[in-house]
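Asker: Below is a structure I'd like to ask you about.
The values are calculated or read from the model by the stated rules, or taken from the named source; none is laboratory data. Only a predicted model underlies this, so the values are computations on that prediction, with no experimental measurement involved. Glycine gets a Cβ as well: all are built from the backbone with ideal geometry, and neighbour counts include every protein chain shown. Keep in mind that these areas ignore ligands, DNA and RNA; they rest on the heavy atoms of the full protein, side chains included. Shrake-Rupley method; radii C 1.70, N 1.55, O 1.52, S 1.80 Å.
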Amino acid sequence: MIGKKRMKIVRQLESKKHRLETGLFVAEGPKVVGDLLAYSPAVMLVCTQTWASSHGNVPAEEMLVVSEDELRQMSFLQHPQQVLATFRIPEHEVNLEQSIARAANRLCLALDGVQDPGNVGTIIRIADWFGIDTVFCSPDTADAYSPKVVQATMGSIARVTVIPTDLALLIDHLAEGTPVYGTLLDGVNIYESPLSQQGLLVMGNEGNGLSDAIRSRLTHRLFIPPYPSRQDTAESLNVAIATAVCCAEFRRRVNH
């Protein structure tokens, strides 16, 4: 049986305040927990007997086997998935100089006010798929270690470095010639634009797009054209879908 104290500790991690105070976050389900365990041990792992029976030595400081009902009381999911664990939030010792070097040497993503946890998690998953290992996040972007974001990453949070930062400050200090891309309705067709495998690709807020501060700092304004171009279509693309389209086109250019 799991005590009320432990249950409270987990439930409080829904709050960013408590995540910052404890340095912990929650992950759920065999896929997400399994991917994270491959990179770091769990602080506390809570699982059903079924899950425990099919796993040997689990890298966890504390492991508790509970009933499905107890797991349900702790879970943030509508349908709990046998295992839940708390992990330490990675302390990415990345200063401004190192961030500049990352953008100069490879393609990085940046999120400017992306507030929906599902979108942020999906974008981290997209970054992982397309070999983008760094995602910079503005202060008003949803916290990457909230339960909803972690779940939406489907384990990619274990492999992608997420760096909260002042995007305008970062862009202002990039080395001269480092491209800064952004998607805008008045941009240039992405399929006709020169694209680099280095620099920063910035994706904006779900409703308002890129902030004025970031728009003014772009070196390349991109547009994903609808098809067919002369037909009425949706007003815009979901930001995660737009990110996937852009990343696919950037990576396609590697072999062309």
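Asker: For a quick check, take a GNM of the chain with Cα springs below 10 Å and name the residue from GLY155, GLY207, GLY118 with the largest mean-square fluctuation.
Answerer: In this elastic network of the chain, the residue with the biggest mean-square fluctuation among GLY155, GLY207, GLY118 is GLY207.
Asker: At a Cα cut-off below 16 Å, give the lysines reachable from LYS8, other chains included and same-chain residues fewer than 8 away excluded.
Answerer: Straight-line reach from LYS8, under 16 Å: LYS16, LYS17.
Asker: Can you work out the accessible area per residue across the chain, with the rest of the protein chains kept in place, probe 1.4 Å, in square angstrom?
Answerer: Counting only protein heavy atoms, the per-residue value for the chain is 52 Å².
Asker: Could I ask something else about it? Check MET63: other-chain or 5+ apart residues with amide H under 5 Å from its amide H, H built from backbone geometry?
Answerer: Excluding prolines and chain starts, which carry no amide H, the hits are LEU45.
Asker: Given charges of +1 on the Cβ of Lys and Arg and -1 on the Cβ of Asp and Glu, with all other atoms neutral, how large is the dipole of the range 8-133 about its Cα centre, in debye to the nearest 20?
Answerer: Charge dipole of the range 8-133: 120 debye, to the nearest 20.
Asker: For the chain, with the dipole built from +1 on Lys and Arg beta-carbon atoms and -1 on Asp and Glu ones, taken about the Cα centre, which of GLY118, ALA27, ALA144 lies farthest toward the positive end?
Answerer: Farthest towards the positive pole: ALA27.
Asker: Which value, in debye to the nearest 20, gives the size of the charge dipole of the range 91-139 about its Cα centre, when Lys and Arg are +1 and Asp and Glu are -1 at the Cβ?
Answerer: 180
Asker: Oh, and also: Which value in nm describes the separation of the simple spin-label points at GLN49 and GLU62, placed 7 Å from the Cα toward the beta carbon?
Answerer: 2.3
Asker: A follow-up question, please. State, in angstrom, two size descriptors of the chain derived from its alpha carbons: Rg to one decimal place and Dmax to the nearest whole number.
Answerer: So, for the chain, Rg and Dmax equal 20.1, 63 Å respectively.
Asker: To the nearest 0.05, how large is the calculated FRET efficiency for SER193 and ILE100 if R₀ is 35 Å and r is the Cβ-Cβ distance?
Answerer: E(calc), rounded to 0.05, equals 0.90.
Asker: Give the aspartates and glutamates reachable from LYS148 as a straight Cα distance under 14 Å; neighbours fewer than 8 places away on the same chain don't count.
Answerer: Output for LYS148: GLU14, GLU28, ASP116.
Asker: Oh, and also: Taking every DSSP beta bridge that has both residues in the chain, what percent is antiparallel when rounded to the nearest 5?
Answerer: Bridges in the chain that DSSP calls antiparallel: roughly 30 percent.
Asker: For the chain, modelled as a Gaussian network with Cα springs under 10 Å, which listed residue fluctuates most, VAL26, VAL58, VAL162?
Answerer: Between VAL26, VAL58, VAL162, it is VAL58 that shows the largest mean-square fluctuation.
Asker: Name the most mobile residue of ALA27, ALA104, ALA175, meaning the one with the largest mean-square fluctuation, in a Gaussian network model of the chain with Cα contacts below 10 Å.
Answerer: Sorting by GNM fluctuation, first place goes to ALA175.
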